[in-house]
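To keep things clear, I will list the structure first and then write my remarks on it.
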């Protein structure tokens, strides 16, 4: 099979998004494309394993549309590090490249009408490995942690750049919701 480039991946995603309006269909159609790119080492660079010491993760932007729609990242997770419960406010497809990342999905029990408050309950857990992928819808809430002993790297594709969606992070114990912005590597 020929090398699959990030540019070709982006062209294929643009075609899917142009043809589909349903986010469930969009993510399911992108999933095999993400798995193909994640399994192709031709585009991967060692720098994508870097994790920011303060965040514990490294977000490496591979592509972003000028209007912030469609963003593709290689995200590295230091062992034992991750991101607390959060939403995306956009669709997402995540595919494992190296290592493993453990995800916990949550259901929101409150209606979201009280600013700063969120009542969540864990509903499902799974570990993402190379060769596997998961899809997230805009209001899905999950946490991610590298539960392995080496840096994990995964391919993340979003319908909109994460720092432009108004997404939140949640403290499940304290039942709070706060804005979430992460540092992006250049």
Exercise. May I ask you to list pairs of residues, at least six apart or on different chains, whose Cβ atoms are under 7 Å apart, with the first in region 104-121 being on the phi < 0 side of the Ramachandran plot and at pLDDT 95 or above and the second being loosely packed, with under 11 Cβ neighbours inside 10 Å and not in a strand (DSSP E or B)?
Key: 119/109; 120/109; 121/109
Exercise. Go through the residues of region 14-21 one by one and say whether even a single one is in contact (Cβ under 8 Å) with a residue 40 or more places away in the chain, surrounded by fewer than 17 Cβ atoms within 10 Å (Cβ to Cβ) and not in a helix (DSSP H, G or I).
Key: no
Practice problem: Answer yes if at least one residue in region 111-130 is buried (at least 16 other Cβ atoms within 10 Å of the Cβ), closer than 23 Å to residue 163 by Cα and under 15 Å from the mean Cα position of the chain (by Cα), and no otherwise. | Solution: no
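Here is a yes/no grid of residues against (1) closer than 24 Å to residue 48 by Cβ; (2) out of contact with any helix residue (DSSP H, G or I) (no Cβ under 7 Å at 6 or more places or on another chain); (3) assigned to a strand (DSSP E or B):
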| residue | (1), (2), (3) |
| --- | --- |
| 76 | yes, no, yes |
| 83 | yes, yes, yes |
| 107 | no, yes, yes |
| 111 | no, yes, no |
| 144 | yes, yes, yes |
| 147 | yes, yes, no |
Quiz item: Of everything in region 101-110 that's closer than 13 Å to residue 154 by Cβ and surrounded by fewer than 20 Cβ atoms within 10 Å (Cβ to Cβ), which residue is farthest from the chain's Cα centre (by Cα)?
Solution: 102
Practice problem: Quick one: count up the residues across region 37-64 that are under 25 Å from residue 13 (Cα atoms), touching a residue at least 40 places away in the same chain (Cβ under 8 Å) and assigned to a loop (DSSP other than H, G, I, E, B). | Solution: 3
Self-check item: Subset of region 131-142 that is without any contact (Cβ under 8 Å) to a residue 60 or more places away in the chain and buried (at least 20 other Cβ atoms within 10 Å of the Cβ) - its residue that is nearest to residue 30 (Cα to Cα)
Solution: 134
Quiz item: So, of the residues in region 160-186 that are within 20 Å of residue 54 (Cα to Cα) and assigned to a helix (DSSP H, G or I), which turns out to be nearest to the chain's Cα centre (by Cα)?
Solution: 162
Quiz item: Quick one: how many residues across region 31-49 are closer than 14 Å to residue 185 by Cα and either crowded, with 18+ Cβ neighbours inside 10 Å or at pLDDT below 95 (or both)?
Solution: 2
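The values are calculated or read from the model by the stated rules, or taken from the named source; none is laboratory data. Fair warning: this is a prediction, and the values are worked out from it, not measured in the lab. Every residue, glycine among them, receives a Cβ derived from its backbone with ideal geometry; neighbour counts consider all protein chains shown.
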